[in-house]
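This report refers to the structure that appears directly beneath it.
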Amino acid sequence: MENFDAVGPWEQRTINILKSLMIFFAMALALLMVVTVILRYGVEKPFLAIEEAAVLLGLWLYFVSAAYVTGARAHICGGALHLVVKTEQGRRVVRFLSTLLCLSVSCVALYYAAKYGWFTFDKGRKSTYLQWPKYLWVASMVFGFIVMTLFLALQGRRDFAALREEEAHQC
Amino acid sequence: MLAVTIALILIVVLLLLEVPVAYVFGAASLLIVVLTGRDIAFLIPYAYQQESGFALLALPLFIVAGSLMGASGISDQLVRFVNSFIGSIRGGLGAVTIVTCALFGAIAGSGSSAIAAIGSMMIPRMVEAGYPRGYAISLVACSSVLAILIPPSVAMILFAITSGLSVAACFLSTIIPGILIATIYCLMNFREARRFEGLQVEEKVGPVERVFKIGKATKSAFWALLMPGIMLGGIYGGIFTPTEAAAVALMYTIPVGFLIYKGLNLKTTQAAIVEGARNTGAIMMMLFFLFIMSRAMVQENIPKDIAQFMLSLSDNPIVILLMINVLLLMIGMLVDDSAGAVLAAIVLMPVVREVGIHPIHFAAIVGTNLGLGNVTPPCAPLLFMSGAIGGQTIDQYIRPTLKLICFGHLPVVLLVTYVPELALYLPRMLMGIQ
């Protein structure tokens, strides 16, 4: 389930853009695969570059969707927090620490993804059939981690603010 | 081994604290890398390369197709179709729920889609007909597992790709176990229905009227029933790959949902695609970090160490299979079926190969066990989802759930484990797998 509580206007706009991109990539991918079947059996002219283009669309779909899921706080989670931590304040603390952990992991992943992205760009490699620059594929991963890291940073800030507000109420 | 033990403890703790599963595996991978002093620089490109596989494209397409089918009105036609056959028997509505979940599984491939599509329709209908609400919730939850077992199945796609097996063969391995579970659930349901007082049963009709009713329902459901035929017929007939079959299914649903069943309009289509893509994003992120963790574990020879450890406890295949079952059940209780399938492929596949269990047989063991884990508390994502739709807390539906699990699902898990033919018969017959 999506959770857009207290999302700022810029975040909301980014989420809407990601949503549109997801729809575009999913439909384009499906269409491309159907075209592959038609080309193979209908026209009997297989087009090898389609496979490369399909992977390109697929990768962008994966990482754009992953960014959307992070923004929407809709990642797959276990479900025993209410059994482990009994108080609402305790759960807020856990949620804040959880966001910090996710942010740290995302930062590390972004650093190495960017490094690999730069390496691919620098080498100027091209895809086998389409002869398109390889960084178009890797850019999806870098883009995904940039957006995920930004979302997580904003969520961390919000979680921290909520935590302090709760503490102020208790005082 | 110490690094991995610490990482495993971290995984369990973080999962219990509801940290997103993807990041749990990410944190565990980083911990392994740091503790073992390995270089992380090539692990991110490795995971990226793994996700760039063409075969993996089947996953988003099947997931989006499943969401679209859920919104298209196909589930309603399936319920009417099954109801025309068994609706007038006492306890028929419960059996309709079970069989429709299995049929929906043949179209969509995920337990959560089955609960969303069938549960929201059948729980209120069953309650109205006199079934206790807790029983209706547990029946929907346990039956939704059939969607994981009847192909296409998202969990099996992931398992096959991660362990380098044929997706089509893995699909086939869980069909017989799925049918067995559905049959046992139906029998248990008919038995339970005898106890329910004031249960409303559809009026019995004469044979001619009955044939007419079945014919009418079959005609209405024709386009829905044609879909598994196209998909599975296409895959096993060698016409298209699972990836292409998923795309064909997706493109087939749109006109059927818009023009025939009229469940789809621009708004519902957009919502369904977003829902499917969202699930894809969540799974792919988890998979990304799982690939990193698997690589880190392989570098440390961990799967082999686990195999040696299990073999040191016993070299009796029966005992080892029992240990594997317990481990799989625990995995299934902690994470959802897609993460569980990948974990099983990474951690337990080397053990299985060492012991000499057929990998396709293992696919069926994984499928049935993860299904069981998904409805077994504490995590039980499918059970809680059904509870949320039915509007009850776990204490109100745990008893019927445990009954279904212990007398319906668990015996099949054991049967599949110790009678390999149940899993291997169809792949051998249809694909010539040795």
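Structure data summary
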read-out	value
Apportionment of accessible area to carbon and sulfur, chain B, percent (1.4 Å)	66
Global form of region B:98-190, assessed from the alpha-carbon gyration tensor, a/c cut-off 1.5	prolate
Partners for A:Lys134 among aspartates and glutamates (Cα-Cα distance below 12 Å; same-chain residues under 8 apart left out)	A:Glu52, A:Asp122
On Cα atoms only, tilt of B:133-144 relative to the major axis of chain B in degrees	60
A:Leu39-A:Lys86 pseudo-label distance in nm [points 7 Å out on the Cα-to-Cβ vector]	6.4
Relative contact order of chain A, defined on C-alpha pairs under 8 angstrom at six or more residues apart (%)	28
10 Å Cβ neighbours from other chains, averaged over peptide B:142-154	0
Rounded, prolate or oblate (a/c below 1.5 giving rounded, otherwise prolate when a/b exceeds b/c) for region B:296-366 by Cα gyration tensor	oblate
Under 27 Å, Cα to Cα: Lys pairs in chain B, sequence gap 8 or more or different chains	6
20 Å Cα-Cα reach of A:Lys115 towards aspartates and glutamates, excluding residues that sit fewer than 8 places from it in its own chain	B:Asp39, B:Glu51
Inter-chain shielding of A:98-105 (mean C-beta neighbours from other protein chains, 10 Å cut-off)	5
Residue-averaged beta-carbon neighbours from other chains (10 angstrom radius) around A:17-30	5
Cβ-derived FRET efficiency at R0 30 Å, B:Thr183 paired with B:Ala388, nearest 0.05	0.60
Label-point gap, in nm, between B:Ser312 and B:Ser88 - each point 7 angstrom along Cα→Cβ	6.6
Three-way shape label, the protein assembly as shown, alpha-carbon gyration tensor, a/c 1.5	rounded
For the protein assembly as shown, accessible area per residue (1.4 Å probe, heavy atoms of protein chains only), Å²	41
Top of B:Val351, B:Val34, B:Val140 by mean-square fluctuation, Gaussian network on chain B, Cα under 10 Å	B:Val34
Positive-end residue of B:Ala339, B:Leu93, B:Gly66, charge dipole of region B:2-431 with Cβ unit charges	B:Leu93
Crossing angle, helix B:92-105 versus chain B [Cα axis fit, 0-90 degrees, rounded to tens]	50
Highest-MSF residue in chain B out of B:Arg125, B:Arg399, B:Arg194 [GNM, Cα springs under 10 Å]	B:Arg194
Accessible area buried at the A-B interface, both sides summed, 1.4 Å probe (Å², nearest 100)	4800
Loop-located trypsin sites (Lys or Arg not before Pro) in region B:250-312 whose Cβ has at most 14 other Cβ within 10 Å (DSSP)	B:Lys262
Mean separation of Cα contacts under 8 Å (6+ apart) over length of region B:105-199, as relative contact order %	32
Helix axis angle, B:359-373 relative to chain B longest principal axis, alpha carbon, degrees	70
Euclidean distance between Cα centres, region B:18-46 to region A:88-142, Å	13
Spatial separation of Cα centroids for region B:47-124 and region B:373-434, in angstrom	16
Mean separation of Cα contacts under 8 Å (6+ apart) over length of region B:2-431, as relative contact order %	27
Normalised per residue, the volume of the convex hull around the Cα set of region B:243-302 (Å³)	92
With all protein chains modelled, accessible area of B:Ser120 [1.4 Å, Å²]	60
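The values are calculated or read from the model by the stated rules, or taken from the named source; none is laboratory data. Treat the numbers as computed from the prediction; the structure is a model and nothing was measured. Here Cβ is always computed from backbone atoms with ideal geometry, including for glycine, and neighbour counts include all displayed protein chains. Quick note on the areas: whole protein, heavy atoms, side chains included, nothing else; ligands and nucleic acids left out. Shrake-Rupley method; radii C 1.70, N 1.55, O 1.52, S 1.80 Å.
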